[in-house]
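As structure tokens, the structure follows; a few thoughts come after it.
What follows draws every value from the coordinates through simple rules; no lab data is involved. What you see is a predicted model; the values in this text were computed from it and never measured. Please note: Cβ atoms are built from the backbone with ideal geometry, for glycine as well, and neighbour counts cover all protein chains shown.
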């Protein structure tokens, strides 16, 4: 799988531009901060996931003063040309098409485009709250396990309906509310249990690779532990019934997969509170490398790799170690300064003041 071309209109600060990345090598995108380098990678990732890796809303990705943004990508999958198109609307309904057919769920996009993103914000998986770690797990599942991805989408849908019911009940458990909760809880038990079991299996698969990549990035053997922490014990359906009075009082669902966490430790110490920023950054990179490795093994070829200004945060040793841990394949790399000497640029684009990506001189560096 690789990206043939990307065309962008009125996305972020980009008025209109097109790039054609090298199909098998590294395409380097250079430019000053704020010139739109990250926006190009964000557009690619959106076409693969229906969300921004910067956590932005769809409306905020439309260029100021415009009603809609248009993204178009042509890809090649197992020798077959495919297209992905998205329209992001400020006031109307956004839409996404694969080969001109409408799609509503992000796992439907993966037949045409899969990506792995490395960005400075990755450190949030280690440093921030449980939501960032759950998102990392579910984003990885979306690439490597389509069934689990559907379960995640089903859980989100059920939780929205269940929460709306709880808020509308006004803290009163009437017969109709209880009967409807029985329905939603049964569905949440089925989808939620399947999702959590998939997350737990994923954690077990990621753990050894994360330890290996971290030790290489750190330059020493270090024990890394990943432990999935459920927010309930026993059967989910029983926990949901037990939690109903509190849920009704608070008007929200207090138990389920959306309350779980992933505990991370480095050398036996909690990574969020007891290790240095450098160790946190190395762990975040190791987690992404492990996820990219697993995706490559499952899919038979690597996803399109998006490296957003990650080398500005790394010393030369860790930069080289990161590159050494990546399988061959298509990669797009943004940088405001010189890329590491170990990066061989097969193609170069430079972001111009008008927001266009202009082809630059090839700058191979061995």
Open item on the list: For the chain, set up a GNM with springs between Cα atoms under 10 Å and report which of 28, 90, 183 has the largest fluctuation.
Closed with: 183
Open item on the list: Give the separation of the Cα centroids, region 102-130 to region 233-266, in Å.
Closed with: 25 Å
TODO: Round to the nearest 10 and give me the degree value, 0 to 90, for the angle of helix 175-218's Cα axis relative to the longest principal axis of the chain.
DONE: 40 degrees
Open item on the list: Using the basic label-point model (7 angstrom from Cα toward the beta carbon), what is the residue 250 to residue 57 distance in nanometres?
Closed with: 2.5 nm
Task: Cα-based equivalent ellipsoid, region 209-366: semi-axes from gyration tensor eigenvalues, Å - done: 39, 21, 15
Open item on the list: Taking the 0 to 90 degree range and rounding to the nearest ten, how far is the long axis of helix 37-49 tilted relative to the main principal axis of the chain, both from C-alpha atoms?
Closed with: 50 degrees
TODO: Determine, for 249, 308, the number of other Cβ atoms within 10 Å of each Cβ, and report the residues in order from fewest to most.
DONE: 249, 308
Task: Efficiency of FRET between residue 220 and residue 5 - r from beta-carbon atoms, R0 51 angstrom, step 0.05 - done: 0.75
Task: Inter-label distance for residue 20 and residue 33, nm, one decimal - labels placed 7 Å from Cα along Cα-to-Cβ - done: 3.4 nm
TODO: Would you kindly state how much longer the chain becomes between residue 91 and residue 273 on full extension, computed as 0.36 nm times their sequence separation minus their alpha carbon distance, in nm to one decimal?
DONE: 61.4 nm
Task: Cα radius of gyration and Dmax for the chain (Å) - done: 21.7, 72
Open item on the list: Report the Rg/Rh value for region 24-65, based on alpha-carbon coordinates and the Kirkwood definition of Rh.
Closed with: 1.00
Open item on the list: Just to be sure I understand: of the beta bridges DSSP finds with both ends in region 117-302, what percent are antiparallel, rounded to 5?
Closed with: 100 percent
TODO: Calculate how steeply helix 146-168 sits against the longest principal axis of the alpha-carbon atoms of the chain, using the helix alpha-carbon long axis, and give the answer as 0 to 90 degrees to the nearest 10.
DONE: 50 degrees
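Could you tell me what percent of the DSSP beta bridges with both partners in the chain are antiparallel, to the nearest 5?
The answer is about 70 percent antiparallel.
Based on the alpha carbons, how large is the Rg to Rh ratio for region 117-302 when Rh follows Kirkwood?
Radius of gyration relative to Kirkwood radius: 1.04.
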TODO: Obtain the nm distance between the two label points defined at residue 180 and residue 358 by a simple spin-label model: each point lies 7 Å from its Cα along the Cα-to-C-beta direction.
DONE: 5.9 nm
Task: Value in Å of the Kirkwood radius, where region 78-176 supplies the Cα pairs that are averaged - done: 16.7 Å
